[in-house]
Amino acid sequence: MTTPFMFLTLIIPGPHSPKGKIDVYLQPLIEKLKQLWNGVLTYDISRKQNFMMKVALMWTINDFPEYGMLSGWSTSERLACLYCMNQSKAFRLKSGGKVSWFDSHRQILPLNHSFRRNKNAFY
Amino acid sequence: MTGNELWEQIHFFPKITEVGPYICDGHGKSHNWTKQSTFWELPYWKTNLIRHNLDVMHVEKNVFDNVFNTVMDIKDKTRDNVKVRMDLKEYYRHRELELQVQPSGKVLKPKAKFVLSNEQKNVVYKWISELKMPDGYASNLRRFVNLDQRKLFGMKNHDCHVLMEMLLPIVFCALPYQVWNPIAELSKFFKDLCSTILRVDDLLLMEKNIIITTCKLE
C-alpha cells in the first residue's frame, strides 16, 4: 500500500490500552461504514459527475492482543487460540504461571505421520 | 469457523457500548468471549470470509526476539529461565536439563545444547557487526550490536525481518543439527511467506511443513 491510498480515520488517545472497550472508540467509524455500505453520492473529478460510492470493510490487520480487542474472543489465558477455540489442549505451568501449548501441535499432523506414534521424542 | 456459526455462538452476548464491561457466563472455561464485537453491526460481517488478519512483520519480530534471546541466552530475556526448568520435570523427560542442587546448597542450571558458548556468541556478534549489505536492503546492522554486553538492541521490525529471514540459518550454524534444522525451517517459512509471489500449492505445502517444524521444536 502506498501513501496516496492510506487514510487515517481514528486516533485513540493513550496512555493505556482501551482493551475490550475499543468498541466505544470505534462507534463513529462503524456508523460511517454502515452508511457507506448503503452508498453515498460522491463527485468524481475525472468524469465530472456524481456516482454512488459504496464502501465495505474487508478485514482488519492487527497483532495478537489487538485481535482479542477486535474480535471479542479474548487472546489471553488458556483458551487464547482462536482456531482451537474451546478444544484447546493448553494448560498452565505450575511455577512459571504461564499458559503452555506444549505437545498440542501433533494433533494437527496427518493421521499417518510417524510423529504421532513417536512416544519417546515428545516427552 | 464460518461467520454464521460464529454468529450463533455470539449473538446473545451484549455489546460493550450498551452495557459497559462485564464478564460473560463461562468465560475462561467453555469459551473466551468477552463481548459482541462492534463489527457484527455491519450487515456484511457475517458473510465476510477473512475477518481479522495478523501482522506478519510483527509476529516475525516477536518470534525472532524469542528465538534469538533464547539461543544467545540473554539474561532476563531468554525463555529458558529457572522457572521453565522447574516446570520441566513435571512435563518433560529431559533429565540433563533439570535443575541440580549442588552439595554447597546452590542450585545449578545446566547448560542447554541449544545455547551458544561465549566464544561462539562473540564470533556471531562480530560477524553481524562486520556484515556488508546491498544498498537500501537493510539498515546498518553494526549499530545494533553491543559487543561488551553481548546483546542486540534497538532493532526495528525490518531489521528483525532481515535477520530472521536471511541470516538466522547462518548465524546459528554452530548449533547441533537437530536444533539448527527446525530454526532454519522456521526462517525459510517466514521467507516464503513474505515473498511477493505466493502460489496456492506452495502455501499448502508450507502449511504441512510448518506443522512438522513446530513438532520438531518440541
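Worth pointing out:
- No other residue among B:Val71, B:Val59, B:Val115 is under 30 Å from A:Trp59 (Cα atoms) and modelled with pLDDT of 70 or more apart from B:Val59.
- Failed criterion for B:Glu119 (all others in (1) under 22 Å from B:Lys77 (Cβ atoms); (2) surrounded by 12 or more Cβ atoms within 10 Å (Cβ to Cβ) hold): (2)
- Check on A:Leu26, part of a helix (DSSP H, G or I), within 9 Å of chain B (Cβ to nearest Cβ) and surrounded by 10 or more Cβ atoms within 10 Å (Cβ to Cβ): yes
- Boolean, A:Lys32 is at the interface with chain B (Cβ under 10 Å from one of its Cβ atoms) and among the basic types (Lys, Arg): no
The values are calculated or read from the model by the stated rules, or taken from the named source; none is laboratory data. Treat the numbers as computed from the prediction; the structure is a model and nothing was measured. Don't worry about glycine lacking a Cβ; one is built from the backbone with ideal geometry, like all the others, and counts go over all protein chains shown.
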